[in-house]
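For reference, the structure is listed below as structure tokens.
The values are calculated or read from the model by the stated rules, or taken from the named source; none is laboratory data. None of these values were measured; they are calculated from a predicted model. All Cβ positions, even for glycine, are placed from backbone atoms using ideal geometry, and neighbour counts span all protein chains on display. Only protein heavy atoms, including side chains, enter the accessible area calculation; ligands, DNA and RNA are left aside. Shrake-Rupley method; radii C 1.70, N 1.55, O 1.52, S 1.80 Å.
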Amino acid sequence: MNADVVIIGCGPAGLQAGIHSSRKKADTVIVGKPGNSALQGAHVENYFGLAGKADGRGLLAKGLEQAVSFGCRHLDMNVTGAEAADGGFLVTVESGEAISCRSVVIATGISRAKLGIPGEEALLGKGVSYCAECDCGFYKGLRVAVIGDESEAAVSAELMTRYASEVHWVSRGVSADRALVDRATAAGASIVSGAPKEIRGGGKVESLLLEDGREVAVDGVFIVLGGRSSAYLAMDLGVTPEPDDSIRTDEGCETSVPGVFACGDVTGKPWQLAKAVGEGAVAGLGAAARAKGQI
């Protein structure tokens, strides 16, 4: 698939970027799941022009409808990788399809998702990790659990089969693309249906207790909830994130890599709808102009 602009993220920043990019007549593809946006379960009462409490789910639905009405294409899936290629960029989605484009907008929001179960914080760095790609080398020949339902869990489970002796992919209900699931299981990951209740261990992780009473003996637990994070996508594209994983941009929401833009929560605080929408507009206009060779 070819496009002028690919927007990664289907929250308020990404949708606003799509609206402005497509209205500038740039062929625009938005990749993401609205249900993953922090706005999905929120109520908004501090946004200009909205009286009372507005339902976040409804705002997202209307925003996506607007973007599509202006010509955006929407892929309801996660991004698994991105890279510079042939003077532009190549963005790969869960299905394995690659989208060639001239500009990329990172609008994935930030990951605030934790399990919130006993042992998660106490054993962080002692067998609990939120990044398989970062820590895979520490688990050669050991047993690990990967917890999550979506694409990043599938990718992480497949990755860990190259290092660990056993990989248990623990999921309440796998929602990743079938191709990613098949690759993970073909590589040797076993899917364990269930919900985690407690991570157990003394000075290090020793097991994972599930809500139904089963206990899985493991040496490491990788918690990967959702799709590929903004920090990893940025690094894939040659952008170095800040120490807090935010992405630095200029006044036009462009990063240090020409053609790569970022907007919304990924650029730092305040994590507010007004900021996300404003930056989305700026990023969408800039991405369209860059794609058309106007800047």
Spatial separation of Cα centroids for region 164-179 and region 117-160, in angstrom
12 Å
For a quick size check, give me the Cα extents of region 10-140 along its three principal axes, largest first, whole Å.
50, 48, 21
What helices does the chain have that are whole DSSP H segments, at least 15 Å long along their own axis by Cα, and with mean Kyte-Doolittle hydropathy of 0.0 or more?
56-69, 273-291
Using the scaling law 2.2 N^0.38 Å as the reference, what is the normalised Cα Rg of region 210-267?
1.65
Treating each Cα of the chain as an identical point scatterer and ignoring solvent, apply the Debye formula and state log10 I(q)/I(0) at q = 0.10, 0.11 Å⁻¹.
-0.55, -0.66
Once the dipole of the chain is set up with Lys and Arg at +1 and Asp and Glu at -1 on Cβ about the Cα centre, which of Ala195, Gly227, Gly109 lies farthest towards its positive end?
Gly109
Dipole moment magnitude, nearest 20 debye, the chain about Cα centre, only Lys, Arg, Asp, Glu C-beta charged:
460 debye
Which log10 I(q)/I(0) values does region 52-117 give at q = 0.15, 0.17 Å⁻¹ under the Debye formula, counting every alpha carbon as one identical point scatterer?
-0.71, -0.86
Take the alpha carbon gyration tensor of region 1-54, find the square roots of its eigenvalues, order them as a ≥ b ≥ c, and report rounded if a/c is under 1.5; if not, report prolate when a/b exceeds b/c, else oblate.
oblate
In debye to the nearest 20, the charge dipole size for region 220-261, taken about the Cα centre with +1 at each Lys and Arg Cβ and -1 at each Asp and Glu Cβ, equals 220 debye
Log10 I(q)/I(0) at q = 0.15, 0.16, 0.18, 0.21 Å⁻¹ for region 81-231, from Debye over equal alpha-carbon scatterers, is -0.76, -0.85, -1.03, -1.32
21 Å Cα-Cα reach of Lys292 towards lysines, excluding residues that sit fewer than 8 places from it in its own chain:
Lys24, Lys25
For Ser95, solvent-accessible area (1.4 Å; no DNA, RNA or ligand), Å²
50 Å²
Over all directions, average the projected area of the Cα convex hull of region 246-286 and note it in nm².
2.4 nm²
One can check that the equivalent ellipsoid of region 160-295, built from the alpha-carbon gyration tensor with semi-axes equal to the square roots of five times its eigenvalues, has lengths in Å, largest first, of 39, 17, 14
Report the full-extension gain for the segment Leu124 to Glu206: residue separation times 0.36 nm, less the Cα-Cα distance, to one decimal in nm.
28.2 nm
Accessible surface of Phe70 in the full protein assembly, 1.4 angstrom probe, to the nearest 10 Å²?
80 Å²
Would you calculate the volume per residue, in Å³, of the smallest convex hull containing every Cα atom of region 147-235?
106 Å³
What accessible area per residue comes out for region 135-292, rounded to a whole number of Å², with a 1.4 Å probe?
42 Å²
For Leu225, Leu159, give me the order by solvent-accessible area with a 1.4 Å probe, most accessible first, ignoring ligands, DNA and RNA.
Leu225, Leu159
Estimated dipole of region 1-66 in Debye, rounded to 20 [Cβ of Lys and Arg +1, of Asp and Glu -1, Cα centre]
60 debye
No Cys partner within the rule (Cβ under 4.7 Å), the chain:
Cys10, Cys72, Cys101, Cys136, Cys253, Cys263
Accessible area of Ile8, 1.4 Å probe, to the nearest 10 Å²?
10 Å²
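Loop by DSSP (not H, G, I, E, B), at most 15 other beta-carbon atoms within 10 Å: where is the longest site-free stretch of the chain for GluC sites (Glu not before Pro)?
122-210
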Work out how much length Lys114 to Ala98 would gain on full extension: take 0.36 nm times their residue separation and subtract the Cα-Cα distance, in nm to one decimal.
2.8 nm
